[in-house]
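Laboratory data are not the source of any read-out in this text; all were calculated from the coordinates shown. Every value quoted in this text rests on a predicted model; they were computed, and no experiment measured them. Reconstructed Cβ throughout: ideal geometry from the backbone, glycine too, with neighbour counts over all protein chains shown.
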Number of protein chains: 2
Amino acid sequence: MPDSFDRIAVLGLGLIGGSLLQALARGGYTVTGYDPDPVEAGAARGIGYTVAASAFDAVAGADLIVLAMPLPHLDAALEAISPSVAPNAVLTDVGTLKAPVLQAVRRRLPRARFVGGHPLAGTEQSGFLAGHPLLFRDAPWALILEPDTDLQAWLSLAVLLCDLGAKPVPTTAAEQDAAIARVIGLPHMLGEALALTGLRGGELGLSLAAGSYTSGSRVARTRPELVATWCDGNPALISALDDAIAWLTSSRDTLAAGGSVLPLAEAGHRARMEWERREFGPVDLPVDAEALRQHGRDGGWITAVVEKDGPELGELRLLGMRPVR
Amino acid sequence: MPDSFDRIAVLGLGLIGGSLLQALARGGYTVTGYDPDPVEAGAARGIGYTVAASAFDAVAGADLIVLAMPLPHLDAALEAISPSVAPNAVLTDVGTLKAPVLQAVRRRLPRARFVGGHPLAGTEQSGFLAGHPLLFRDAPWALILEPDTDLQAWLSLAVLLCDLGAKPVPTTAAEQDAAIARVIGLPHMLGEALALTGLRGGELGLSLAAGSYTSGSRVARTRPELVATWCDGNPALISALDDAIAWLTSSRDTLAAGGSVLPLAEAGHRARMEWERREFGPVDLPVDAEALRQHGRDGGWITAVVEKDGPELGELRLLGMRPVR
């Protein structure tokens, strides 16, 4: 069976890192947190979690290190911890875009057993106090499997994530970044545009704003600098925006010509309902990186890692779920 | 004091009409519903509400008639009820766009005491069973005050709406239609575009779609033909779309040039937070149509109608709330 982790360090105790600290402690793992912000660190310490005085201390002796700081702070954090990272430690992260993290780790810690990760969980809120230990239950969690990823480390993390109730999705950095352009970057861009353009209707419009404005602009509550780290430098977001702009422009022109927005409304409705109605069935997967990546590409995730013929890599059996139609 | 209503008819028992039937009954009003769809009529009748066998029957003897059918059915309904509408009855409606309703009523029932209305309540769901009697509590409710609107009828409706816990907003058909283009039409267009464009990311993207996609495309669950009636023929939606498209295009070009979406994210965030942080204070209003319309334009609403010097129109006092900054 893949190794389990004896001592985990979580660096960054915001919404995601803080929730992970809580989820791991709840799952019986030995976990130490760290956050340079005394507010976040104090919030976690105040309700009884172990919080180290420095990233260096948190990481010392850890066999799993979770990088949960905002992307702009990643490089400095890697530099600070690099002397105390144990040679065999597994590193992972929880950032939205995977390509920039992969590059930074390869540059700073070229020999690290790094497996990028991205939990599709969270809200528009920030900070330790906005989190909770069940945040990742049933949440998809992109788990990056590059050609040079250590498969043993990847499987160990997959086991851990299943243990937290999350759904590990095997994919590459490039494929996950392209996919989330449409389901994270684009909804944030549309939400910001709505928040802003809605405001231009004057006080009457502001007082009439209700459900559709409120839910459509909810993500504009997110701290803007976080939104930028989820969008900037992702080329797939450009084509996602092009597609959305083309639909909006076509509806705009149709309205101007006295026509109906019904075609867009019907297509959007059909898309949303098809998404909601997806059905999934169990599947048995080989322990093979390319087969796993294809499983992720097909919309599947991992549900369990079990011994089939023995404890070695080639003797394991992976159970998963995937769309069936 | 303005008249109160002794017998109310609600025509159309979908989400809004059905909720209104329940809210009125709960408020102690005598109310009869009608819906041509036996499913909706049966649902209301099944839990004890009075439902007439025809629109004609429902309307007979009513001193307030609420038109709560979808816009495309309005004209036929007006034709069906016109012989049984009492000469002094007040008519109102609950549709999203006010200009087309106003035109239809002026054409079909030119002498009706009509006061258009639009409750800013509801969800993406449809049908009687999706509604509930508290749907309008704290909901803004545009109440149309045209130069030729009967002020006595308008005040009677305002009292009724306050009684249901709603916030009557005095405005004209043209002004409300322009305002809701930005806070109803636009969020629906953006939600449809997101639902649709998100789907183009393949199965991996569909499995990674989470909070921001889910809330951003929620309104795409609405029946498409309803969305079309809220958008089609509203010229203000064209300029709202132009504004949103301009922001999205600018961010798209910035991304393509290697820049950051931070300016859009900051502007959107600021707009949303300013909206959330609006504060309101009480105000005393004269019973004067133009002063009331200005109050709505300024983002205000009515909270109560009380006697000041006597029961006559000119002796009343209107209490309201409006933004204070």
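Placing a label point 7 Å from Cα toward Cβ, how far apart in nm is A:Leu319 from its equivalents in the other copies, listed shortest first to one decimal?
Result for A:Leu319, in nm, nearest copy first: 6.3.
Distances in nm, one decimal, shortest first, from B:Pro282 to the same residue in every other copy, taking the label point 7 angstrom along Cα→Cβ.
Copy-to-copy label distances at B:Pro282, shortest first: 6.5 nm.
So for the protein assembly as shown: antiparallel DSSP bridges make up what percent, rounded to the nearest 5?
45
By a straight-distance test (C-alpha under 25 Å), which lysines pair with A:Lys308 as possible cross-link partners, with residues fewer than eight away in the same chain excluded?
Reachable lysines: A:Lys167.
What net charge do the residues around B:Gly127 carry, taking every other residue with its C-beta under 15 Å from that of B:Gly127, with Lys and Arg at +1 and Asp and Glu at -1?
Combined, the nearby Lys, Arg, Asp and Glu give -2.
Name the long-range amide H neighbours of A:Thr32: under 5 Å, sequence gap of 5 or more, or other chain; modelled H, no Pro or chain starts.
Those lying under 5 Å, H to H, from A:Thr32 are A:Ile8, A:Ala9, A:Val10.
Under 19 Å from a point placed 7 Å out from the Cα of A:Asp75 along the Cα-to-Cβ direction: which residues of segment B:243-268 have their backbone N that close?
Of the residues in segment B:243-268, B:258-262 have backbone N under 19 Å from the label point off A:Asp75.
Hey, what angle do you get for helix B:15-26 against the long axis of chain B, alpha-carbon based, 0 to 90 degrees rounded to 10?
With rounding to tens, the tilt is 40 degrees.
Average partner chain C-beta neighbours within 10 Å, per residue of B:256-264?
Whole-number average of other-chain Cβ neighbours for B:256-264 is 6.
Using alpha-carbon pairs under 8 Å, 6+ residues apart, how would you state the relative contact order of chain B in percent?
Worked out over chain B, it gives 16 percent.
Is segment A:177-275 rounded, prolate or oblate when judged by the Cα gyration tensor, a ≥ b ≥ c being the square roots of its eigenvalues, rounded requiring a/c under 1.5 and prolate requiring a/b larger than b/c?
Since a/c reaches 1.5 but b/c is at least a/b, the shape of segment A:177-275 is classed as oblate.
Nearest 10 degrees, 0 to 90: what angle lies between the long axis of helix A:235-256 and the longest principal axis of chain A (Cα atoms)?
20
Report the residue, chosen from B:Ala195, B:Ala256, B:Ala209, that carries the largest GNM mean-square fluctuation when chain B is represented by alpha-carbon nodes joined by springs under 10 Å.
Of the options given, B:Ala256 has the highest mean-square fluctuation.
Could you order the peptides B:126-136, B:95-105 from most to least packed, using the average number of other C-beta atoms within 10 Å per residue?
So the peptides B:126-136, B:95-105, ranked by packing, come out B:95-105, B:126-136.
With label points built 7 Å along Cα→Cβ from the Cα atoms of A:Ala304 and B:Asn88, find their separation and express it in nm.
7.5
If I fit a long axis through the Cα atoms of helix A:262-276 and take the longest principal axis of the Cα atoms of chain A, what angle between them do I get, 0 to 90°, rounded to 10?
Once rounded, the angle reads 20 degrees.
Compute the Cα gyration tensor for the protein assembly as shown, then decide on rounded, prolate or oblate, letting a ≥ b ≥ c be the square roots of its eigenvalues: rounded whenever a/c is under 1.5, prolate when a/b is larger than b/c in the other cases, and oblate in all that remain. Spell out each step's value before the answer.
Working: a/c = 2.40, a/b = 2.14, b/c = 1.12.
In terms of gyration-tensor shape, prolate.
Could you tell me what percent of the DSSP beta bridges with both partners in chain A are antiparallel, to the nearest 5?
45
Modelled label-to-label distance, B:Asp3 and A:Thr50, 7 Å Cα→beta-carbon offset: nm?
7.7
Would you tell me the mean number of C-beta atoms belonging to other protein chains that fall within 10 Å of each C-beta in B:235-241, as a whole number?
Values: counts 2, 2, 5, 6, 3, 7, 9.
What the average comes to for B:235-241 is 5.
For peptide A:173-186, how many partner chain Cβ atoms fall within 10 Å of a residue's Cβ, on average?
Shielding by partners across A:173-186 averages 6.
Label position 7 Å from Cα toward Cβ: report the copy-to-copy distances for B:His132 in nm, one decimal, ordered from shortest.
The answer, with the shortest distance listed first, is 1.8 nm.
Which residue, A:Glu315, A:Glu175, A:Glu203, tops the fluctuation ranking in a GNM of chain A built on C-alpha contacts under 10 Å?
A:Glu203
What is the set of long-range amide H partners of B:Val90 at a cut-off below 5 Å, with H atoms built 1.01 Å from backbone N?
HN-HN under 5 Å from B:Val90: B:Leu64, B:Ile65.
Any idea what the relative contact order of segment A:8-171 is, in percent, if you count C-alpha pairs under 8 Å spaced at least 6 apart?
Relative contact order here is 24 percent.
From the C-alpha gyration tensor of chain A, pull out the three semi-axes of the equivalent ellipsoid (sqrt of 5λ each), sorted largest to smallest, in whole Å.
One finds semi-axes of 36, 25, 17 Å for chain A.
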